[in-house]
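The values are calculated or read from the model by the stated rules, or taken from the named source; none is laboratory data. Not measured: the values here are computed from a predicted model. FYI the Cβ positions are ideal-geometry reconstructions off the backbone, even for glycines, and counts take in every protein chain you see. With ligands, DNA and RNA removed, areas are computed over all heavy atoms of the protein, side chains included. Shrake-Rupley method; radii C 1.70, N 1.55, O 1.52, S 1.80 Å.
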Number of protein chains: 2
Amino acid sequence: MNNTIIKNIAEIEHQPYELIRKGIETGSIAIMYRGNMGIAIGTGLRTKINVNLGTSSGHCVPEEEIQKAKIAELYGADTITDLSTAGDIPEIRQSIRDVTSLPMTTVPLYQAVAENTLDYLTDDLIIENLKEQIKEDISSMVLHCPSRQTIKAMKQSSRIMGVVSKGGAMMSSFMLKNNQENPYITHFDEILTILKSKDVVLSLGNTMRTGCIHDNRDSAQVLEINENILLAQQAHEKGVQVIIEGAGGHIRADKIAENIRYYKDKTDFPLFVAGPLPADVGMGYDHITGAIGATFAAGAGADYLCYITRAEHKSLPTPDEVKEGLIAFRIAAHIGDSMKYGLSEKDKHIAEKRAQMNFEEQAAFALDPEEAGRGIPMDTNCSMCGSFCALKMIQTYCRRTDE
Amino acid sequence: MNNTIIKNIAEIEHQPYELIRKGIETGSIAIMYRGNMGIAIGTGLRTKINVNLGTSSGHCVPEEEIQKAKIAELYGADTITDLSTAGDIPEIRQSIRDVTSLPMTTVPLYQAVAENTLDYLTDDLIIENLKEQIKEDISSMVLHCPSRQTIKAMKQSSRIMGVVSKGGAMMSSFMLKNNQENPYITHFDEILTILKSKDVVLSLGNTMRTGCIHDNRDSAQVLEINENILLAQQAHEKGVQVIIEGAGGHIRADKIAENIRYYKDKTDFPLFVAGPLPADVGMGYDHITGAIGATFAAGAGADYLCYITRAEHKSLPTPDEVKEGLIAFRIAAHIGDSMKYGLSEKDKHIAEKRAQMNFEEQAAFALDPEEAGRGIPMDTNCSMCGSFCALKMIQTYCRRTDE
């Protein structure tokens, strides 16, 4: 552990040093390090947000991904994950890293598959790629660890959507194609040694998340949760920090809190949730649907949210869509935190400035001061009510009658 | 009751005729009539959405309000409320009505205050204005009925934000200025006769809703709820349909469901909720904050939601912002309904088309097909994953290994 970084984190989180240290010791808190900084994720801490970015063969414009990384940092993301699968992947990753100080996560399998295709991929190539990537300044790696048994259960499931996790689908396809066990499982000890050498957080991927709200938690998902918890325990015992991704995807609203509790009742490892989306009909507005689901999830105990943009289900997002999705999820995390820990003074401050009709200071304390300040009145008259401002009327007549 | 309209409503709501008829009889359902159509609001029915529009002295461009009315209807609002307080109000209202078939609500006091100012307003002018407006094709009227006792309680409250309801502030200011009881209360019998003459729904306004999440339900709010329920009962006994506005405004997330239940435990009259907003820091994105709060509210039993736009707290919304706010609230209502009544087949349909990588049909079944269809792939390759589509990989390799 790096004591200076932990002290900084304790200060930022308004928590005692000992709580952070103990959390790391027991595994309920993981720290993603980047240089002299660290982002802490887990029990008792502010809900964190991850922004995905990266090229694909369908849209490979590295400059846009660099732009997205800048936007992610500017508008308050806690971490970024590079999901590039096209172009010169290590170079793209480096140029993204160059423009941001945020911890970066990768999914090593993406590069291994992109460079070798599933046809030529082998266990050795997968492990080699992981060893190469660990040399970069990476804070966390996502490994999808479904076992053969879990994939068998998925094949027998009646789910409408099969596997909607890209990394999970890559690994499952590789295993199905070669009729073999997951190399991350068979090489797990070696992988832990590699991760430990750089204190890189192991993020256990969520292959079996459901892809529509009509699909329910099935035996494939339950198997994966249990397997991931066992792998996380092994990692923790070896001194590797770990996060588990779960309880995400598409989940009906009335089951989100239950899904979070199902996980949290089993283990204290930090829970990373993608979305979840509590509706499928919001296509084109999945940042809003996702923010609604993420609020339920964070309020019920999710520690770390993966944002969703309005481009979800059809394309890579534009930089503007990244910003919009990130802000939607910051609102979700903020509201979730109010459910976990009580109200923030920031809301009170805005309310006090609002009662004084001080638009500039309201905007300054908003999550996105730029958008909050767009079109604010230049005087004290908001054009919604014009001369009939409720606050002003009441302040006038309450005062008069008090005299 | 108009049997043909009730039959149509039963069909649209997929509910038995008898349930609708009985709901109207007991007061748990109210119907806003417009011509040969009616929108039913209440227990057992799909959650409805209202769009506010109208001029103010700060921004009086009737063409924009007409445009907003068209957008409201096009994108699925159930009702509109004209809140104009500037320009030739009856003429603006008529031109808005001319372009839409949606039921229209008004707040008669707005016009009375706008035309007379608070300085020259009298009980007689308030009642006269109401009598004039009832001659128009209006479906529902909002009356703010705080008693002197309730206003006294508000003045003694420690709330940060006093009264944030415009109509409520107008009425409270009028009462405070003249040191008098609420004319809607003193003339209540006469008003019921007026409303009944045209089967106009009485919507009891929510003067005492809280204006920031640090303000809690106080005695002013409790008094108003109880008074509104008593007035609603009187109205119902006289054969006037009634809706009560409550449990809205700014409410901390963990109290929204409790606030809805607090109301629903007391009465079955349809509950109209403004927002609620579970954060104050989302300024500039209050359509998202509001959609999150509205989902909690609808899921807990709210029957009717008043949408919020990103312009809230600073200006009248643009037509584009009206659309965006409306869609956000349609998502909220849809998710809320999934919590109240279970899942919709629409989500399943989209999931099935998604599993088939049929982007056009997915978009066609989305809440906003236009935005859902924007940027969809022309082939079956979504640019998010390009050649590494999770669904395709799994479908390929699951099939191959099955052979």
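Descriptive notes on the structure:
- Meets criteria (assigned to a helix (DSSP H, G or I) and either at negative phi or modelled with pLDDT of 95 or more (or both)) for residue B:185: yes
- Qualifying residue in the range A:304-315 (condition: within 7 Å of chain B (Cβ to nearest Cβ), touching a Gly at 6+ places or on another chain (Cβ under 7 Å) and of a type in the set (D, E, K, R)): yes
- Scanning the range A:51-67 for residues that are over 17 Å from residue A:137 (Cβ atoms), away from chain B (no Cβ under 13 Å) and surrounded by 17 or more Cβ atoms within 10 Å (Cβ to Cβ) returns A:51, A:62, A:67.
- Restricting attention to the range A:366-377, the residues being more than 27 Å from the chain's Cα centre (by Cα) and either within 7 Å of chain B (Cβ to nearest Cβ) or within 16 Å of residue B:55 (Cβ to Cβ) (or both) number 4.
- Contact map, the range B:172-188: first residue surrounded by 18 or more Cβ atoms within 10 Å (Cβ to Cβ), second residue of a type in the set (Phe, Trp, Tyr) and assigned to a helix (DSSP H, G or I), Cβ cut-off under 6 Å, separation 6 or more or different chains; pairs are B:173/A:397; B:176/A:397.
- Test: residue B:232 is of a type in the set (Gly, Ala, Ser) and farther than 27 Å from residue B:49 by Cβ: no
- Scope the range A:333-345; condition facing another protein chain (nearest Cβ under 7 Å) and within 17 Å of residue A:76 (Cα to Cα); matching residues: A:334, A:335
- Within the option set A:267, A:295, being within 9 Å of chain B (Cβ to nearest Cβ), at negative phi and β-branched (Val, Ile, Thr) holds for one residue only, A:295.
- Residue match in the range A:193-207 (condition: closer than 16 Å to residue A:221 by Cα and more than 14 Å from chain B (Cβ to nearest Cβ)): yes
- Among the residues here, residue A:305 does not qualify as within 26 Å of residue A:72 (Cα to Cα) and either without any contact (Cβ under 8 Å) to a residue 12 or more places away in the chain or acidic (Asp, Glu) (or both).
- Annotation note: of A:366, A:351, A:390, the sole residue that is under 29 Å from residue B:59 (Cβ atoms), outside the structural domain of residue A:80 (by TED's automatic domain parsing) and touching a Cys at 6+ places or on another chain (Cβ under 7 Å) is A:351.
- Residue in the range A:161-178 that is part of a loop (DSSP other than H, G, I, E, B), within 20 Å of residue A:111 (Cβ to Cβ), modelled with pLDDT of 95 or more and not hydrophobic (A, V, I, L, M, F, W, C) present: yes
- Residue within the range B:114-128 that is of a type in the set (Val, Ile, Thr), within 14 Å of chain A (Cβ to nearest Cβ), assigned to a helix (DSSP H, G or I) and crowded, with 21+ Cβ neighbours inside 10 Å present: no
- Long-range neighbours under 7 Å by Cβ, at least six apart or interchain, first residue facing another protein chain (nearest Cβ under 7 Å) and free of Cβ contacts under 8 Å to residues at least 12 places away in the same chain within the range A:277-289, second open to solvent by 10 Å² or more (accessible area, probe 1.4 Å) and outside any loop (DSSP other than H, G, I, E, B): A:281/B:334; A:281/B:346
- Note on the range A:199-317: enclosed strands (runs of 3 or more DSSP E) holding 1 or more residues that are in contact with a strand residue (DSSP E or B) (Cβ under 9 Å, 6 or more places away or on another chain) and more than 27 Å from residue B:279 (Cα to Cα) are A:201-204, A:242-245.
- The set of residues in the range B:129-142 being more than 21 Å from residue B:31 (Cβ to Cβ) and open to solvent by 60 Å² or more (accessible area, probe 1.4 Å) consists of B:131, B:132.
- The residues of the range A:378-394 that are at the interface with chain B (Cβ under 7 Å from one of its Cβ atoms), open to solvent by 20 Å² or more (accessible area, probe 1.4 Å) and either assigned to a helix (DSSP H, G or I) or in contact (Cβ under 8 Å) with a residue 12 or more places away in the chain (or both), listed by number, are A:382, A:391.
- Inside the range B:346-362, residues that are within 25 Å of residue B:298 (Cα to Cα) and facing another protein chain (nearest Cβ under 7 Å) make up a count of 5.
- One residue from A:193, A:207 being hydroxyl-bearing (Ser, Thr, Tyr) and either over 30 Å from residue B:345 (Cβ atoms) or in contact with a Phe, Trp or Tyr (Cβ under 8 Å, 6 or more places away or on another chain) (or both): A:193
- Looking only at the range A:351-365, and only at residues there that are under 35 Å from the mean Cα position of the chain (by Cα) and part of a loop (DSSP other than H, G, I, E, B), the one that is farthest from residue B:155 (Cα to Cα): A:365
- Subset of the range A:207-217 [farther than 19 Å from residue A:253 by Cβ and either out of contact with any helix residue (DSSP H, G or I) (no Cβ under 7 Å at 6 or more places or on another chain) or surrounded by fewer than 23 Cβ atoms within 10 Å (Cβ to Cβ) (or both)]: none
- Within the range A:6-31, the set of residues being in a helix (DSSP H, G or I) and in contact (Cβ under 8 Å) with a residue 40 or more places away in the chain comprises A:24, A:26.
- Some residue of the range B:298-315 being buried (at least 22 other Cβ atoms within 10 Å of the Cβ) and more than 30 Å from residue B:66 (Cβ to Cβ): yes
- With respect to the conditions (1) in a helix (DSSP H, G or I); (2) over 26 Å from the mean Cα position of the chain (by Cα); (3) of a type in the set (A, V, I, L, M, F, W, C), residue A:332 falls short on a single one, namely (2).
- The test for being among the charged types (D, E, K, R) and outside the structural domain of residue B:55 (by TED's automatic domain parsing) does not hold for residue B:323.
- Qualifying residue in the range A:362-374 (condition: open to solvent by less than 50 Å² (accessible area, probe 1.4 Å) and in contact with a Ser or Thr (Cβ under 9 Å, 6 or more places away or on another chain)): no
- For the range B:342-361, the set of residues classified as surrounded by fewer than 21 Cβ atoms within 10 Å (Cβ to Cβ) and either touching a residue at least 60 places away in the same chain (Cβ under 8 Å) or closer than 15 Å to residue A:277 by Cα (or both) consists of B:343, B:344, B:346, B:348, listed by residue number.
- Residue among A:47, A:43, A:79 that alone is open to solvent by less than 10 Å² (accessible area, probe 1.4 Å), within 19 Å of the chain's Cα centre (by Cα) and either within 14 Å of chain B (Cβ to nearest Cβ) or farther than 21 Å from residue A:325 by Cβ (or both): A:47
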